[in-house]
Amino acid sequence: MECVFVQIRCVPGETYSVADEIVLRELHSELFSTSGDFDLLLKMYIPKDEDIGLFINDNLRTIKGIERTLTTLTFKAF
């Protein structure tokens, strides 16, 4: 499994509905509400045999209310 973090900017007023949909789709390991340029921080594990970009496009970016995402790949846990 590949651990990635995805910051999510939501359409104003849609943050809670976006978070609810992420939970319903069981995409997350952890999901946080954040301050700053993005509204949510999602920690997820993607199967090693999946294309990360395609997985995010097909499973996350299809959620209504998501305006923008920023994905951070991880390499090693300390």
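The values are calculated or read from the model by the stated rules, or taken from the named source; none is laboratory data. Keep in mind that this is a model prediction, so the values were computed, not measured. Cβ coordinates were reconstructed from backbone atoms using ideal geometry, including for glycine residues, and neighbour counts include every protein chain displayed.
Computed values, structure above
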item	result
Single residue of Glu2, Glu14 found to be modelled with pLDDT under 95 and of a type in the set (Asp, Glu)	Glu2
Residues located in the range 41-73, provided they are under 17 Å from Met1 (Cα atoms) and β-branched (Val, Ile, Thr)	Ile46, Ile52, Ile56, Thr71, Thr72
Counted residues, the range 24-38 - those being closer than 13 Å to Asn59 by Cβ and not basic (Lys, Arg)	4
Matching residues, the range 27-46, being more than 15 Å from Ile66 (Cα to Cα) and aliphatic (A, V, I, L, M)	Met44, Ile46
